[in-house]
Structure formats: structure tokens, C-alpha cells
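Colleague: This structure is in C-alpha cells; I'll ask about it shortly.
The values are calculated or read from the model by the stated rules, or taken from the named source; none is laboratory data. Note that this is a predicted model, so its numbers are computed, not measured. Note that each Cβ is placed from the backbone with ideal geometry, even for glycine, and that neighbours are counted across all protein chains shown.
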Amino acid sequence: MIDSHCHLQFNAYKDDYGEVIKKCQAKGMILNVVGTQSDTSEQAVKLAEKHENIYATVGLHPIHTTSTEVDEEEITFKSREEVFDYGFYKKLASHPKVIAIGECGMELFHLPNSVDKAEIIKKHSESFLQQAKLAQELDLPMVIHVRDAYDEMVEVIKLQIKNYKLKILQGVIHCFTGDWTQAQKFLDLGMYLGFTGVITFPPRKTNPEATAALLEVVKNCPLDRILTETDAPYLAPQKYRGERCEPWMVEEVVKKIAEVKGESVEKIEKAVLENTLRLFGKIKKPLKGGID
Ligand SMILES: [Zn+2]
Ligand SMILES: [Zn+2]
């Protein structure tokens with residue numbers, strides 16, 4: 001089982017991350033701990049250094065390119081503003097356990113007050129392009145965060161490919177929650193789609209079509225482009241809704257993908273492992289026994 005996107009370095013685990021890691025170890029998991037700015041990226045690398053089957057991703061989340069109030073069901077904080085420091089992240093990303101650059105991307109759901117939307121898009125694009133450049137330089141894939149900005153993100157990726165004359169920019173659109181039309185645009189660009197516990201949620205009364213549209217993406221997405229993740233501590237799958245999410249809960253995501261696609265859990269796990277090893281070239285195939 002693989003959680004290709006979690007935040008075990010966050011404060012939510014400060015008292016018991018060792019216990020959480022043990023639970024994941026018992027299930028022989030591979031984890032990718034994802035940074036969101038300089039300190040959480042450094043902490044991700046530290047965790048990866050200590051545990052064999054834990055890897056790290058380093059980068060600057062779009063929400064931290066401005067200071068923004070975030071207040072929703074599971075999350076309330078004020079983001080700390082940071083400018084992407086190429087040299088700092090290059091040094092960090094040269095570590096053998098760093099497998100990708102991110103999470104970076106576009107976030108138009110949480111918009112800071114008093115800042116123009118066009119200005120935000122510009123800021124997020126510039127930060128993304130810098131990180132894409134670093135990913136190219138170090139030959140690493142990207143972990144891309146997109147919320148309420150799928151069309152804008154597609155345009156930025158196309159611009160990046162044109163600028164650098166690249167055929168394909170390697171990466172995953174993590175926690176994909178869009179529809180099939182949006183999904184196809186990313187698949188056409190060679191991207192993978194990461195699914196979280198969101199695919200296990202029942203339809204929302206206010207927007208039942210969105211759930212149906214997301215499950216259509218799960219059904220249609222080619223088996224060789226799917227990744228599994230939790231985004232823990234957020235987005236616990238339906239079975240554990242209301243609890244702090246932990247990486248081993250990704251088993252609920254795997255089960256749901258199998259159910260929607262009409263395939264066995266084993267087949268989905270095998271495909272996800274192959275996809276993960278293909279995209280993140282620096283991950284070593286897990287030895288028996290999992291995380292040490
Ligand atoms: Zn994200
Ligand atoms: Zn995340």
C-alpha cells in the first residue's frame with residue numbers, strides 16, 4: 001500500500017508520529033511526506049532520513065506565496081508568506097530520499113482578502129514555473145496541488161512545456177476532485193491523478209453532481225495513471241470521517257477504486273505500486289517488512 005501524499009511532519013502528529021509510523025510499518029507501506037514551505041520541507045526530509053520506506057517531497061505550496069486566512073471544516077490557520085528560494089530548495093532536493101518537487105500549483109479556493117485574483121494567478125504561476133525549472137534541473141517529477149483552478153493550471157503547464165520545449169512534464173495532480181473533461185486535459189499532458197478519501201465521501205446535498213463526476217473520473221482513468229494518497233492529516237476517508245487522517249487509511253481509497261472500476265483490490269495495489277515506482281524514479285522497491 002502506498003500513500004503518495006501525506007503530511008506526517010505536521011503538528012497534528014507531534015505527540016505520536018512514531019506510533020502512526022509503526023501502524024504503517026505493520027502494513028508494509030511506502031510513504032511520501034510532502035513539504036508545503038521551507039520548514040515543513042526540511043522536516044519531511046528529516047523523517048525520510050530516519051525511515052527506510054519513507055520519502056520526501058520539497059517545495060512551496062501556492063497558499064504560502066501569500067498570507068491567507070484558511071478556515072474550513074478541518075483546517076484553521078493563517079498561512080505564512082514565503083518567496084520560493086531556488087538555491088535553498090535545490091540543496092534540499094539533492095538529498096537521495098527526495099523524490100519530487102512540490103507541493104506547488106494553483107489554489108483559487110482560499111483567496112486572501114484585498115488581493116486581486118489576477119495577481120494571485122500571476123504569483124502562483126511564477127512560483128510554479130520556478131519549481132518546474134528546478135524539477136527539470138534535478139530530473140524529478142512534480143507534486144501538483146490544484147483547487148478551483150484546473151483550467152488555469154493546464155494553461156501554466158502548457159506554457160512551461162512551450163518555454164522549455166519539453167514533450168512531457170512529469171507529475172501528479174494530487175487530490176484530484178474535478179470532472180472527466182478536466183481530468184483528460186491533464187492525462188493528455190502525461191500527468192498522473194492522485195485520489196484521496198474524497199472519493200469515498202457520500203454525495204453532498206448541495207452538489208451531488210460533483211461526486212458523480214469524480215467517480216466517473218475514477219472509472220475512466222487508465223489504470224496506469226492512478227496514484228493513491230490520503231493528504232493526511234486532512235480528508236479522512238468516510239469510514240473514519242471526523243477523525244485525524246492517517247496514511248494507513250489509504251486502504252479505503254484503494255477499496256473504492258477497486259469497487260468503482262470493478263477490479264480486485266490486488267490488481268489496483270499492483271498497478272499503483274508500478275505507477276509509483278515509474279513516476280518517482282528514486283523510490284526503491286520495498287523490501288519485505290516495509291518501513292523500518
Ligand atoms: Zn494539496
Ligand atoms: Zn497536501
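Colleague: If a residue must be buried (at least 19 other Cβ atoms within 10 Å of the Cβ) and either assigned to a helix (DSSP H, G or I) or at pLDDT below 95 (or both), how many such residues does the stretch 272-292 contain?
Modeller: Total satisfying the criteria: 6.
Colleague: Next up: Any idea which of (1) more than 30 Å from N207 (Cα to Cα); (2) of a type in the set (S, T, Y); (3) under 16 Å from the mean Cα position of the chain (by Cα) is the one Y150 doesn't satisfy?
Modeller: Against the list (1) more than 30 Å from N207 (Cα to Cα); (2) of a type in the set (S, T, Y); (3) under 16 Å from the mean Cα position of the chain (by Cα), Y150 comes up short only on (1).
Colleague: Looking at the structure I just gave you, is I63 within 14 Å of ligand 2 (Cβ to nearest atom), within 15 Å of H145 (Cα to Cα) and outside any strand (DSSP E or B)?
Modeller: It is true that I63 is within 14 Å of ligand 2 (Cβ to nearest atom), within 15 Å of H145 (Cα to Cα) and outside any strand (DSSP E or B).
Colleague: Quick check: anything in the stretch 113-126 surrounded by fewer than 14 Cβ atoms within 10 Å (Cβ to Cβ), away from ligand 1 (no atom under 16 Å from the Cβ), within 22 Å of T177 (Cα to Cα) and not aliphatic (A, V, I, L, M)?
Modeller: yes
Colleague: Do you know which residues across the stretch 102-149 are under 23 Å from L92 (Cβ atoms), basic (K, R) and in contact with a Ser or Thr (Cβ under 9 Å, 6 or more places away or on another chain)?
Modeller: Of everything in the stretch 102-149, just one residue is under 23 Å from L92 (Cβ atoms), basic (K, R) and in contact with a Ser or Thr (Cβ under 9 Å, 6 or more places away or on another chain), namely K123.
Colleague: For A212, all conditions in the list (1) surrounded by 13 or more Cβ atoms within 10 Å (Cβ to Cβ); (2) in a helix (DSSP H, G or I) hold save one; what is the number of the exception?
Modeller: (1)
Colleague: Still on this structure, please answer the following. Hey, can you tell me all the residues within the stretch 46-62 that are in contact (Cβ under 8 Å) with a residue 40 or more places away in the chain and either farther than 30 Å from I121 by Cβ or surrounded by fewer than 24 Cβ atoms within 10 Å (Cβ to Cβ) (or both)?
Modeller: A48, E49, H51, E52, N53, I54, Y55, H61
Colleague: Quick one: T40 ticks every box in (1) surrounded by 15 or more Cβ atoms within 10 Å (Cβ to Cβ); (2) over 23 Å from L193 (Cβ atoms); (3) modelled with pLDDT of 95 or more; (4) more than 16 Å from ligand 2 (Cβ to nearest atom) bar one, so which box is it?
Modeller: Of everything listed in (1) surrounded by 15 or more Cβ atoms within 10 Å (Cβ to Cβ); (2) over 23 Å from L193 (Cβ atoms); (3) modelled with pLDDT of 95 or more; (4) more than 16 Å from ligand 2 (Cβ to nearest atom), T40 misses just condition (4).
Colleague: Can you tell me which residue in the stretch 97-109 is modelled with the lowest pLDDT, limited to those that are surrounded by fewer than 24 Cβ atoms within 10 Å (Cβ to Cβ) and either more than 20 Å from C6 (Cβ to Cβ) or of a type in the set (G, A, S) (or both)?
Modeller: Going through the qualifying residues, I end up with F109.
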